[in-house]
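The values are calculated or read from the model by the stated rules, or taken from the named source; none is laboratory data. All values reported here derive from a predicted model rather than from experimental measurement. Cβ: placed from backbone, ideal geometry, glycine included. Neighbour counts: every protein chain shown.
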Amino acid sequence: MRVTCAILMGLATTSAWAEGACAPRDAAFFCTFKDGATRVEVCTPPDNDTVTYRYGARMSEPELALTVDLAGLVTRPWPGIGRYYYQTVSFLNAGYTYEVWSSVDRLDEAARLQGGITVMKEEAIVAHLECDDGSVQDDLLALFDRIEAARARP
């Protein structure tokens, strides 16, 4: 099942990952907004138990950068039912939640991977950004595996 999900979600090409600050092997999620004017990336360096969220026009100087421990991330993996395969990972900062999500219609073979960010203050949605069509590069399944491993360590 995981193999099927990984195929559905697709892995990035090196050139697409190169647009962000993550090394290709470290990128768990990447996409652009507003015809490439801004972007988001989620990076997980293999040599430590942290994950970094970056958002902005230039990843070298992001508008927002958050680095947190893997074990502390809030995740919502696909529950295994429903038409849409989806998953989210959330970053908390100063009363705001930055939820990175990806989704694909499992019943439509021509469906493209979608993604975005939902920003919430407490329970209220304050922003909902959808990635540019075709820009989503997603390896959140690998991130979820690393989170589970980090939580299992004493």
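Some values worked out for this structure:
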read-out	value
Output for the range 45-68, where each listed residue is part of a loop (DSSP other than H, G, I, E, B) and touching a Lys or Arg at 6+ places or on another chain (Cβ under 6 Å)	62
Filter pass, residue 132 being among the acidic types (Asp, Glu), touching a residue at least 40 places away in the same chain (Cβ under 8 Å) and in a loop (DSSP other than H, G, I, E, B)	yes
From the options 44, 67, 118, 50, residue that is closer than 22 Å to residue 25 by Cα and out of contact with any helix residue (DSSP H, G or I) (no Cβ under 8 Å at 6 or more places or on another chain)	67
Cβ pairs under 6 Å, 6+ apart, first in the range 73-101 and without any contact (Cβ under 8 Å) to a residue 24 or more places away in the chain, second assigned to a loop (DSSP other than H, G, I, E, B) and surrounded by 13 or more Cβ atoms within 10 Å (Cβ to Cβ)	86/78
Answer residue from the range 135-154, given it is charged (D, E, K, R) and not in a strand (DSSP E or B) and is surrounded by the fewest Cβ atoms within 10 Å (Cβ to Cβ) among those	153
Given (1) buried (at least 16 other Cβ atoms within 10 Å of the Cβ); (2) within 27 Å of residue 49 (Cα to Cα); (3) in contact with a strand residue (DSSP E or B) (Cβ under 6 Å, 6 or more places away or on another chain), index of the condition residue 75 fails	(1)
Count - residues of the range 1-38 that are farther than 21 Å from residue 75 by Cα, modelled with pLDDT of 90 or more and either in contact with a His (Cβ under 9 Å, 6 or more places away or on another chain) or not in a loop (DSSP other than H, G, I, E, B) (or both)	3
Matching residues in the range 43-67 - criterion: being in contact (Cβ under 8 Å) with a residue 60 or more places away in the chain and under 13 Å from the mean Cα position of the chain (by Cα)	44, 51, 55
Selection count, the range 103-117, where residues are in contact (Cβ under 8 Å) with a residue 24 or more places away in the chain and either crowded, with 17+ Cβ neighbours inside 10 Å or not in a loop (DSSP other than H, G, I, E, B) (or both)	5
